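Remarks on the structure that follows.
The values are calculated or read from the model by the stated rules, or taken from the named source; none is laboratory data. Model, not experiment: these values are computed from the prediction. Glycine also receives a Cβ, built like all others from the backbone with ideal geometry; neighbour counts cover every protein chain displayed. Surface accessibility is based on the protein's heavy atoms, side chains included, excluding ligands, DNA and RNA. Shrake-Rupley method; radii C 1.70, N 1.55, O 1.52, S 1.80 Å.
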Amino acid sequence: MPPADPVKAAPRVLVSVATYNERENLPALAREVLGLLPAADVLVIDDNSPDGTGAVADELAAADPRLRVLHRPGKLGLGTAILTAMRYAIEHGYDYLVNMDADFSHHPRYLPAMLAGMRRHDVMIGSRYVPGGGTRNWPWPRRLLSRCVNLFVRLALRLPVRDASGAFRCYRVSTLRAAQLDRVRSRGYSFQQEVLFRCHQAGARIGEFPIVFENRKAGASKVNLGESVRSLSMLGWLGVRATLGLERPQRMAA
């Protein structure tokens, strides 16, 4: 009889959470994530939260070696926090990186389905805009802005997805290596669309599965008009460059 195939090691999973004033949400979120994914690690990236979120994260890490904390000197933006998590995942040899919000807008119950989708994809998006997805307790101006941004992204960047602006995603780390993260210029909310654009250029297979986006359980939203305007401007600039052929695709190695 031929020898049995060696058992494949389970993929190493890192779940990243960027925090700013999330001390009310972080303990429960970490508990639920690690309960659903007991073999995963959680990386908290805290921007010197005035409410003491960083200290809470340190206490959690001291009690559970699966939780790691990076402290930054101030509020440096969501995009830079996610880039930090991506580079951490690359440098520490993880197979998958999951990014999610700290406020339970992205519920941990979707994590098993997200990871299951990675068997056939390189990026999985927790999508509000595919059948079965939606939003709950979201004000209509934010719903309208989100719909408009996603329509613009599909047209200008030719991204074949319904929800390009959501942050709840899983990336294959080898895809992030190929996506040339040093070319990413966005640092605010347009980061989500730009990094997806870079992954698509690199040949990533992108999938979506339905989630219900739930308004935060506690704390205050970080969304503001100024950041929205800056993000739309960045996406417009990227769309013009893509149309003019100035953003050359960088395909992943076979």
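Worth pointing out:
- The Cα atoms of segment 31-102 define a convex hull whose projected area, averaged across directions, is 5.0 nm².
- Gyration tensor verdict on segment 104-194 (Cα atoms; rounded if a/c is under 1.5, prolate if a/b is larger than b/c, oblate otherwise): oblate
- Legend: P(r) of segment 67-146 from all alpha carbon pair distances, 10 Å bins from 0, whole percents, reading 12, 40, 35, 13, 0.
- Taking label points 7 Å from Cα along the Cα-to-Cβ direction, residue 51 and residue 95 give a separation of 3.6 nm.
- Evaluated at q = 0.17, 0.18 Å⁻¹, a Debye calculation over the C-alpha positions of segment 1-153 (equal weights, vacuum) places log10 I(q)/I(0) at -1.10, -1.20.
- Among the trypsin sites (Lys or Arg not before Pro) in segment 38-113, none sits in a DSSP loop with a Cβ that has at most 10 other Cβ atoms within 10 Å.
- Residue-wise HN-Hα coupling along segment 94-102, computed from phi with Karplus coefficients 6.51, -1.76, 1.60 (Hz; x: Gly, Pro): 7, 8, 10, 10, 9, 10, 8, 6, 8
- When the surface is traced with a 1.4 Å probe over the full set of protein chains, residue 177 keeps roughly 130 Å² accessible.
- Simple point charges give the picture: +1 on the Cβ of Lys and Arg, -1 on the Cβ of Asp and Glu, and for segment 112-160 a dipole about the Cα centre of about 120 debye.
- Nearest-20 debye value, segment 97-180 charge dipole, Cβ charges on Lys, Arg, Asp, Glu: 220 debye
- Other-chain or far-sequence residues with amide H under 5 Å of residue 101's (modelled H): 106
- Calculated FRET efficiency, residue 36 to residue 9, Cβ-Cβ distance, R0 = 22 Å: about 0.65 to the nearest 0.05.
- Burial order of peptide ranges 149-155, 205-211, 192-198 (average beta-carbon count within 10 Å, highest first): 192-198, 205-211, 149-155
- Subtracting the Cα-Cα distance of residue 212 and residue 71 from 0.36 nm times their residue separation leaves 47.7 nm of extension gain.
- Alpha-carbon centroids, segment 30-89 and segment 120-144: separation in whole Å: 24 Å
- Pair residue 59, residue 180: separation of 7 Å Cα→Cβ label points (nm): 4.6 nm
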